[in-house]
Amino acid sequence: MNIIALGGTSVERGSPRLGAAAVHPRSTSLATFMGPVAVALSLLGPVPSFSAQTYYYVDNSSASCSELGPGTEARPYCTISAAAAAHKGPGITIYVKPGVYRESVAVLDSGSAASPYEFKALGGPVILDGSDDFSFPSKWALFSGNVYLAASVTWSPNQVFMDGVRLAPSTDSPADLPMNSFTYVSGNGLYVNAGGLNPGTRELLVGRRPTAFYVWTGSHVTVDGFTIIRSDDRAIRLGSTSDFCTIRNNKISHSFKYGIYVPGCSDVLIEKNTVFDNGGHGIMITESSSHQSTRCTIQDNESFRNANPTIRLSVGILIYSSPGNLIQRNRLHDILEQWRPRLRPSALPRRLPYRGRGLQQLQGWLFHRGHRPVRISIQLHRHR
């Protein structure tokens, strides 16, 4: 097995994969009858025009939206999930208009090589938010001291945000919670110490939905142009063997774990995404229990400030036990903080970015502490 941890370089492995250019949808007319058949029909009157709709709209800001569709611009779906449940398969495109969508979209169907199954943000921003809003004083009750309880939280959240900042998870008993921390007790709810204030008087967001898009079993699926925030696990997740998928033009931040997660897939294109401030690796290409990921292309992405908030160990792009992938033209930077706690005064670092702002920060920090310059572009591990 091998691991390639990329912090600020472009490393080419394998062969490139080209993505198809997006085309604006058009109705597809049935073929016109010709010759004697057309003559015969003309005797009966005008030949009707038929068309097959292949694109549908989602707009939760529309007063006429419905979970029943039909998905026209005049009568769009209210949720992406409802549109995906009703319309699936090759050639289907679901356009999502600007708004905040608090949902997790499960994609269970496939497109084809000629006609992918596509989810596209139309305009922007189109935000998928993995958290629920608890910025209401009425949702909280004083428990003890400075600690408040939200009994309506009936799930165990991985992360809680107050005024845009992650609170620290705690294993202490609710009565002993440190300031700016949280804990969940099954059957009771979520406890938060906001320094004596009712948490609902602040912007308080509780993680709930693990993913924004989970392509469980589908192949030839495209996810394009979304802003994804605060997923409570992995923002965009492919299932094993979800091959030939495209993840493009998305802006992903503040996930509990990875921004983009690809396990055991082949021929996946990941391009032009911006992935930052996630609690795990920005982009992770890895093996599944039965397959390695191979022939994937990771290009033209920007990934930065991705770090586990507890141990500060994450990288911009991680390739784990997955040979034969192409990685090129990615911009990876601002990774200094994740490595600094691991450096001992007497030890040289073993993992560094190759170039870019992250390397410059780290090299400067090392130089002023007496370390000689070190240049390492990737790190390979062989598990014994």
Since Ala82 meets every condition but one in (1) surrounded by 15 or more Cβ atoms within 10 Å (Cβ to Cβ); (2) at pLDDT below 95; (3) farther than 30 Å from Val315 by Cα, which condition does it not meet?
(2)
Identify, please: which residue in the range 239-261 is small (Gly, Ala, Ser) and outside any strand (DSSP E or B) and is, among those, nearest to Leu167 (Cα to Cα)?
Ser255
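Residue-wise test of (1) farther than 26 Å from Ser131 by Cα; (2) surrounded by fewer than 19 Cβ atoms within 10 Å (Cβ to Cβ); (3) not β-branched (Val, Ile, Thr).
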residue: Asp243; (1), (2), (3): yes, no, yes
residue: Thr246; (1), (2), (3): no, no, no
residue: Leu269; (1), (2), (3): yes, no, yes
residue: Ser290; (1), (2), (3): yes, yes, yes
residue: Phe304; (1), (2), (3): no, no, yes
residue: Asn308; (1), (2), (3): no, yes, yes
Can you say whether Ile319 is of a type outside the set (Phe, Trp, Tyr), in a strand (DSSP E or B) and within 13 Å of the chain's Cα centre (by Cα), as far as the supplied structure shows?
no
Please report, ordered by residue number, the strands (runs of 3 or more DSSP E) entirely within the range 143-238 with at least 3 residues that are out of contact with any helix residue (DSSP H, G or I) (no Cβ under 7 Å at 6 or more places or on another chain).
181-185, 189-193, 204-207, 213-215, 221-224, 227-229, 236-238
Any residue in the range 114-130 that is over 21 Å from the mean Cα position of the chain (by Cα), surrounded by fewer than 22 Cβ atoms within 10 Å (Cβ to Cβ) and in a loop (DSSP other than H, G, I, E, B)?
yes
Filter the range 75-114 for residues that are of a type outside the set (Asp, Glu), touching a residue at least 60 places away in the same chain (Cβ under 8 Å) and over 13 Å from Gln53 (Cβ atoms) and give the result.
Pro90, Val96, Arg102, Ser104, Val105, Ala106, Val107, Leu108, Ser110, Gly111, Ser112, Ala113
Report yes if some residue within the range 93-112 is modelled with pLDDT under 95, hydrophobic (A, V, I, L, M, F, W, C) and not in a helix (DSSP H, G or I); otherwise report no.
yes
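The values are calculated or read from the model by the stated rules, or taken from the named source; none is laboratory data. Since the structure is predicted, the reported quantities are computational estimates derived from the model, not experimental observations. Here the Cβ is made from the backbone with ideal geometry for all residues, glycine too, and neighbour counts use every protein chain on show.
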